[in-house]
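The values are calculated or read from the model by the stated rules, or taken from the named source; none is laboratory data. What you see is a predicted model; the values in this text were computed from it and never measured. Every residue, glycine as well, gets a Cβ built from its backbone with ideal geometry; the counts of neighbours run over all protein chains shown. These area figures cover heavy atoms from the full protein model, side chains too; ligands, DNA and RNA do not enter into them. Shrake-Rupley method; radii C 1.70, N 1.55, O 1.52, S 1.80 Å.
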Amino acid sequence: MKLVFATHNQNKFQEVKNLVPTSVELVSLRDIGCYNEIPETGKTLEENAQIKADFVTSTYGLPSFSDDTGLLVNALNGAPGVYSARYAGADKNANANMDKLLEELHAIGDRSARFETVIALNLNSGCHFFKGVVHGSITKEKKGKKGFGYDPIFQPKGYDKTFAELPMEQKNGISHRAKAMKQLVDFLATLTNS
Ligand code: IMP
């Protein structure tokens, strides 16, 4: 089955491609010739994920899924949350986002945080949602060069390294997106087995 992962982020696409069973032909927006910047105007992760999946399904007539992720910091009442990508401005600069968050937290003791990913899947005229969460904390400085986004300042619970210091396979084993993807993959497997 051909399934579109509605993302322009090639890092994410590659991460997810490694998790999907071979029975699914996972294609990216680039693969279907979609170069639109799909606006994320929702107020929740669920709304944003659905907006992107709906755009692809209605424009290209293909089953599609999209994810939306937020970094929720407890001491900041869940900020930056749904606004994580544009936390420091419209240009979605990862370094600026991390600098802003480190600055906001510089005098705060509670650095606990979590990543949440919501996936919206459009398949057979229905929309299905899957959610993955990973708990951890925000470090005092950036560490590591791997990954993307907030990876250099997010340390998952039970580890002494940030996501950016862990090998991709290890991050994929525990990440918010991997957990949400596992639910998606399990769901797809039940369809192909029935
Ligand atoms: P999006 O929903 O994938 O666009 O992500 C929203 C924000 O969270 C962006 O700033 C991303 O860089 C960041 N983000 C998403 N997934 C991850 C991750 O696995 N690690 C670090 N940052 C992430």
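Here are the numbers for this structure:
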| quantity | calculated |
| --- | --- |
| Any hit, the stretch 146-157, residues being assigned to a loop (DSSP other than H, G, I, E, B), away from the ligand (no atom under 13 Å from the Cβ), at pLDDT 95 or above and surrounded by fewer than 22 Cβ atoms within 10 Å (Cβ to Cβ) | yes |
| Whichever residue in the stretch 18-38 is modelled with pLDDT of 90 or more and among the hydroxyl-bearing types (Ser, Thr, Tyr) and, among such residues, is least open to solvent (accessible area, probe 1.4 Å) | Ser28 |
| Number of the exception - Ser137 against (1) open to solvent by 20 Å² or more (accessible area, probe 1.4 Å); (2) under 20 Å from Leu45 (Cα atoms) | (2) |
| Candidate set from the stretch 101-111 (those that are open to solvent by 40 Å² or more (accessible area, probe 1.4 Å) and either within 17 Å of the chain's Cα centre (by Cα) or of a type in the set (A, V, I, L, M) (or both)); member that is farthest from the ligand (Cβ to nearest atom) | Ala107 |
| Filter result for the condition that a residue is over 17 Å from Leu71 (Cβ atoms), within 16 Å of the ligand (Cβ to nearest atom) and surrounded by 14 or more Cβ atoms within 10 Å (Cβ to Cβ), over Gln170, Gln183 | Gln170 |
| Condition check for Arg114: among the charged types (D, E, K, R) and buried (at least 21 other Cβ atoms within 10 Å of the Cβ) | no |
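Quick grid of which residues meet (1) touching a residue at least 60 places away in the same chain (Cβ under 8 Å); (2) out of contact with any Phe, Trp or Tyr (no Cβ under 6 Å at 6 or more places or on another chain); (3) within 12 Å of the ligand (Cβ to nearest atom):
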{"site": "Lys43", "(1), (2), (3)": "no, yes, no"}
{"site": "Phe55", "(1), (2), (3)": "no, yes, no"}
{"site": "Thr59", "(1), (2), (3)": "no, yes, no"}
{"site": "Pro63", "(1), (2), (3)": "yes, yes, no"}
{"site": "Ser66", "(1), (2), (3)": "yes, yes, yes"}
{"site": "Gly70", "(1), (2), (3)": "no, yes, yes"}
{"site": "Asn74", "(1), (2), (3)": "no, yes, no"}
{"site": "Asn95", "(1), (2), (3)": "no, yes, yes"}
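For (1) surrounded by 18 or more Cβ atoms within 10 Å (Cβ to Cβ); (2) assigned to a loop (DSSP other than H, G, I, E, B); (3) among the acidic types (Asp, Glu), each residue gets a yes or a no:
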position	(1), (2), (3)
Leu3	yes, no, no
Val16	yes, no, no
Glu40	no, yes, yes
Ser66	yes, no, no
Ala88	yes, yes, no
Lys92	no, yes, no
Asp99	no, no, yes
